[in-house]
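Written out below as structure tokens is the structure these notes cover.
The values are calculated or read from the model by the stated rules, or taken from the named source; none is laboratory data. Everything numeric here is computed off the predicted structure, so don't read it as measured data. Neighbour counts run over all protein chains shown; Cβ positions are idealised from the backbone, glycine included.
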Amino acid sequence: MKATYRNLQILATSVILLASVSLVAQQKMPETTNESIPGKATVTTEKLQGTVEYVEGNHLVVRMTDGDVYAFDPPANRTFTIDGKELTIRDLKPGTMLTATVITTTTPIIDRIRTVGTAKVFWVSGRTVVLTLPNGENRTYKVKEDYKFTVRGKPADVSELRTGMQISAEKIVEEPRTEIVSNTTVTGHAPR
């Protein structure tokens with residue numbers, strides 16, 4: 001009789017363990033999505049003028065119309081339209097008048113990382129909550145005052161959470177950045 005009772009205990013424990021493993025396996029780990037959200041772009045156009053002073057290899061020295069002198073190192077495949085002809089930097093001669101039109105497009109972008117998942121409340125105190133993720137890992141979060149969790153399909157703030165509650169949550173991290181694209185066209189006239 002004792003052996004049968006012991007076997008029933010082992011069987012019951014095994015069923016409970018399998019049910020627990022099945023429940024953990026059914027809960028999905030948090031899913032993360034990334035997106036970049038562009039804002040309104042601004043476009044600026046600038047004209048620069050100067051005269052070629054010196055050329056050697058891919059090095060170019062230009063005296064601007066205001067008298068300042070600048071050195072440039074454009075790529076070897078950069079072309080210049082001089083008197084209607086496409087020339088490379090090696091074809092430029094001192095005295096060539098250059099006009100550069102620089103069009104710059106500046107776009108603010110928000111990189112958003114959104115994580116959505118379910119968890120079980122392990123511990124909560126004030127605005128700090130420890131959640132047990134479906135893989136059994138505990139993570140600690142400092143919750144903002146206006147943040148809402150979802151408990152049984154309804155919104156709940158951190159003060160309404162209790163140990164053992166199943167919750168779902170969404171975490172959004174946004175990082176701003178600026179994307180700058182510049183397009184330069186250089187035209188000019190050879191020295192006469």
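When region 106-145 is examined, which residues are found to be among the acidic types (Asp, Glu), in a loop (DSSP other than H, G, I, E, B) and in contact (Cβ under 8 Å) with a residue 12 or more places away in the chain? Outline the logic, then answer.
Here is the first cut: in region 106-145, the ones among the acidic types (Asp, Glu) are 111, 137, 145.
Still in the list and also in a loop (DSSP other than H, G, I, E, B): 137, 145.
The answer is Glu145, and nothing else.
Determine which single condition Lys40 fails, assuming it passes every other condition in (1) in contact with a strand residue (DSSP E or B) (Cβ under 6 Å, 6 or more places away or on another chain); (2) farther than 19 Å from His189 by Cα; (3) part of a loop (DSSP other than H, G, I, E, B).
Every listed condition holds for Lys40 apart from (1).
Which of (1) of a type in the set (D, E, K, R); (2) more than 25 Å from Thr33 (Cβ to Cβ); (3) in contact with a Gly (Cβ under 9 Å, 6 or more places away or on another chain) is the odd one out, the single condition Lys171 does not satisfy?
(2)
Starting from residues that are modelled with pLDDT of 90 or more and surrounded by 14 or more Cβ atoms within 10 Å (Cβ to Cβ), keep the ones in region 169-188 and report whichever is nearest to Pro74 (Cα to Cα).
Val186
Can you pull out the residues in region 43-81 that are among the β-branched types (Val, Ile, Thr), farther than 18 Å from Lys93 by Cβ and not in a loop (DSSP other than H, G, I, E, B)?
Across region 43-81, the qualifying residues are Val43, Thr44, Thr45.
Check off (1) in a strand (DSSP E or B); (2) in contact with a Pro (Cβ under 8 Å, 6 or more places away or on another chain); (3) closer than 30 Å to Tyr54 by Cβ for Lys93 and give me the number that stays unchecked.
Going through the list (1) in a strand (DSSP E or B); (2) in contact with a Pro (Cβ under 8 Å, 6 or more places away or on another chain); (3) closer than 30 Å to Tyr54 by Cβ, Lys93 breaks only (1).
Checking Arg90 against (1) touching a residue at least 24 places away in the same chain (Cβ under 8 Å); (2) assigned by TED's automatic domain parsing to the domain that holds Glu31, which single condition isn't satisfied?
For Arg90, the exception is condition (2).
Every residue, every condition in (1) among the polar types (S, T, N, Q); (2) surrounded by 11 or more Cβ atoms within 10 Å (Cβ to Cβ); (3) more than 35 Å from the chain's Cα centre (by Cα), yes or no:
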| site | (1), (2), (3) |
| --- | --- |
| Tyr70 | no, yes, yes |
| Arg78 | no, yes, no |
| Asp83 | no, no, yes |
| Leu87 | no, yes, yes |
| Asp91 | no, yes, yes |
| Pro94 | no, yes, yes |
| Met97 | no, yes, yes |
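Can you confirm whether region 20-28 contains a residue that is at pLDDT below 80, of a type in the set (D, E, K, R) and not in a strand (DSSP E or B)?
Yes, region 20-28 contains a residue that is at pLDDT below 80, of a type in the set (D, E, K, R) and not in a strand (DSSP E or B).
For region 101-108, check the following and say yes or no: at least one residue is of a type outside the set (Gly, Ala, Ser) and loosely packed, with under 13 Cβ neighbours inside 10 Å. Can you show your working first?
From region 101-108, those of a type outside the set (Gly, Ala, Ser) are 101-108; that's our starting set.
Checking the rest, the ones that are also loosely packed, with under 13 Cβ neighbours inside 10 Å come to none.
No - not one qualifying residue is present in region 101-108.
With in contact (Cβ under 8 Å) with a residue 24 or more places away in the chain, over 22 Å from Ile180 (Cβ atoms) and touching a Leu at 6+ places or on another chain (Cβ under 8 Å) as the only criterion, which of Thr96, Thr51 stands out?
Values: Thr96 fails: touching a Leu at 6+ places or on another chain (Cβ under 8 Å).
Selected residue: Thr51, the only one of Thr96, Thr51 that is in contact (Cβ under 8 Å) with a residue 24 or more places away in the chain, over 22 Å from Ile180 (Cβ atoms) and touching a Leu at 6+ places or on another chain (Cβ under 8 Å).
Among the residues of region 134-168, write down those that are loosely packed, with under 10 Cβ neighbours inside 10 Å and among the acidic types (Asp, Glu).
Glu145, Asp146
Would a scan of region 159-179 turn up a residue that is without any contact (Cβ under 8 Å) to a residue 12 or more places away in the chain and either more than 30 Å from Thr106 (Cα to Cα) or in the same structural domain as Leu48 (by TED's automatic domain parsing) (or both)?
Yes - at least one qualifying residue is present in region 159-179.
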